[in-house]
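Below: the structure, in structure tokens.
What follows is calculated from the coordinates using simple rules that are stated; it is not laboratory data. On a predicted model such as this, the values are computed, not experimentally measured, just so you know. For neighbour counting, all protein chains shown are included, and Cβ atoms are generated from backbone atoms with ideal geometry for every residue, glycine included.
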Amino acid sequence: MRCAPRACTPTTSTGGYDGSQAEKIRILNADGTLLATPGQPHADLIPSLLALSDVMATGWHAAVSADVQPGSSVVVVGDGAVGLSGVLAAAPLGATTIIAMSRHASRQQVAKDFGATHVVAERGDEGLAQVRELTDGVGADSVLECVGTEDARAQAVAYARPGGMIGPVGVPHGDLPTDQIFWANKGVRCGPAPVRAYLPHLLDLVLRREIDPGRVFDVTLPLADVAEAYAAMDERRAIKVLLQP
């Protein structure tokens with residue numbers, strides 16, 4: 001079993017596939033992107049190992065970018081697989097107040113299981129009021145923005161305290177409210193996750209069973225049903241779908 005931050009592309013040997021040849025897997029930059037596990041992992045760890053190659057490392061990057069520190073307060077905007085992974089990342093990094101913004105009961109439960117100390121379903125002024133009530137009236141030290149929409153980014157900026165740090169990892173759509181950031185001395189650090197850099201530490205946490213990011217896979221489907229998998233995630237019928245051959 002190997003964790004890879006890049007997609008695997010099935011290919012066949014020269015001359016085509018006639019049924020008697022073993023299928024090959026081509027992985028771009030394999031020498032630098034693959035990380036071997038120490039032996040064959042237990043079957044129950046496979047979902048968590050798969051999560052490391054994408055959503056867990058991205059959620060971890062959001063927490064690192066938002067400068068989550070021991071004793072800090074954290075708000076996570078977004079309750080998809082990346083946002084829930086951000087919740088899971090906040091606790092090992094030392095956060096003591098972890099607020100998950102979620103409207104979906106099943107995702108709220110996963111957030112709590114991952115370490116969320118509070119769940120806020122409201123948005124707008126009411127959601128902001130609840131966040132401030134939970135953070136001594138000033139807002140969160142760190143905010144993880146795991147959606148990417150303009151509205152989500154505006155919420156993230158509002159939830160951060162003056163001098164706080166925001167870690168957006170959602171693919172950006174729209175602008176950041178720069179005036180609010182500037183006049184309140186809020187910081188923003190964002191970008192795609194350097195997955196390979198985080199893999200050794202995250203792999204160790206999974207193998208020691210200190211984190212279980214595979215919980216984000218709440219539906220399993222055969223590979224032939226990949227279109228249904230995307231539809232289920234788009235329609236919020238699934239957090240993340242695990243595909244099997």
Of VAL216, GLY94, ALA160, farthest towards positive along the dipole that unit charges on Lys, Arg, Asp, Glu beta carbons give the chain: GLY94
Of (i) 286; (ii) 139; (iii) 131, the label for volume of the Cα convex hull per residue in Å³ derived from the coordinates: (ii)
Nitroxide proxy distance, nm - points 7 Å out along Cα→Cβ at ASP204 and ASP136: 3.2
Length released on extending from ILE46 to LEU34, taking residue separation times 0.36 nm less the Cα-Cα span: 2.8 nm
Estimated inter-spin distance, ALA105 and GLN244, nm [label 7 Å along Cα→Cβ]: 2.8
Relative contact order of the chain, pairs being alpha-carbon contacts under 8 Å that are 6 or more residues apart, as %: 19
Separation of the ALA197 and ASP125 label points, Cα + 7 Å toward Cβ, nm: 4.1
DSSP-loop GluC sites (Glu not before Pro) across segment 80-133, with at most 13 other Cβ within 10 angstrom: GLU122
Ranked packing of 235-241, 190-196, 138-144, most packed first, by mean Cβ within 10 Å: 138-144, 235-241, 190-196
Rg and Dmax [Cα atoms of segment 43-179; Å; Rg one decimal, Dmax integer]: 13.7, 50
Taking segment 58-183 and dividing mean pair separation by its residue count, relative contact order in percent (alpha carbons under 8 Å, at least six apart): 28
